[in-house]
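These notes concern the structure reproduced below.
Read the figures in this text as sums done on the coordinates, not as results from a lab. Keep in mind that this is a model prediction, so the values were computed, not measured. Reconstructed Cβ throughout: ideal geometry from the backbone, glycine too, with neighbour counts over all protein chains shown.
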Amino acid sequence: MFSFMYEAACVIVFGFAALRLAGKKVMAEMTTLEMVTVLAIGTIIGHAVTENELWKTLVCISLFILILLAFQFLALKFRWVERVIIGRPTLIIRDGQIIRRNLTKLRMTTEQLELRFREIGISNLSDIRTATIEINGQIGYELTESAQPLTRGQAEQILALLKLQLPPSTGNTDALFEEIRRSDG
């Protein structure tokens, strides 16, 4: 009578384990193949509870994960498989100029592109040497020399030339990773 509860628990636990095996990525970082696999597994899990076909469900989830892992392996081994399955970044700005032809291929308007740059704090496209839309949909960019932020090392060099000294750093940057270091032992 309560076998559906057992089956639902099995499917959820198995689905979770399968997705952990698939890899650690946030949705925004997933390739198209990975996203389709995750959505398919989610759909299968949803149907599994109502279909009463536990073994078929587990086999389907396993098959999806195996296909995903096979494609990922092939993409690592063969460049052409990577291009076909995962894709390549698309250059959208070169020397501060928008490459409209590539923007059209991406079905993106200039306004949408400008919005994305404003969201990451860039208000002038002429400050960008090169920019790409990466395979995960994020923007990758390289600023011109004059637009790059000053690093602490550069500031120390300038101050040394002026015979001045930077105040000591108050933030403990190591604390960010301390918990991870302890857990990896």
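Positive end of the charge dipole of segment 90-147 (Lys, Arg +1 and Asp, Glu -1 on Cβ, about the Cα centre): tell me which of GLN97, TYR141, ILE128 has its Cα farthest that way.
Of the options given, the answer is GLN97.
What is the ratio of the Cα radius of gyration of segment 90-147 to 2.2 N^0.38 Å, where N is its residue count, to two decimals? Show your work: numbers first, answer last.
On the way: Rg = 10.3 Å, N = 58, 2.2 N^0.38 = 10.3 Å.
Expressed relative to 2.2 N^0.38 Å, the Cα Rg reads 1.01.
Most exposed first by the Cβ proxy, i.e. fewest other Cβ within 10 Å, how do SER123, SER62 rank? Mind dumping the intermediate values first?
Numbers: SER123 8, SER62 13.
The order, fewest Cβ neighbours first, is SER123, SER62.
For SER146 and ARG118, calculate 0.36 nm times their separation in residues minus their Cα-Cα distance, and state this gained length in nm to one decimal. Walk me through the numbers on the way to the answer.
Values: separation 28, 0.36 × 28 = 10.08 nm, distance 1.85 nm.
Extra length available between SER146 and ARG118 comes to 8.2 nm.
Using label points projected 7 Å from each Cα along Cα→Cβ, tell me how many nm separate LEU33 and SER62, to one decimal.
Distance between label points: 2.1 nm.
I'd like the FRET efficiency for THR43 and LEU125, computed as 1/(1 + (r/R0)^6) with the beta carbon distance as r and R0 of 45 Å, rounded to 0.05.
Details: r = 41 Å, r/R0 = 0.91.
Efficiency, rounded to the nearest 0.05: 0.65.
Take ARG107, ARG116 and order them by how many other Cβ atoms sit within 10 Å, fewest up front. Write down the numbers at each step before the final one.
Details: ARG107 7, ARG116 17.
In order of increasing Cβ crowding within 10 Å: ARG107, ARG116.
With labels modelled as points extended 7 Å from the Cα through the Cβ direction, what inter-label distance (nm, one decimal) is found for GLN138 paired with THR90?
1.9 nm
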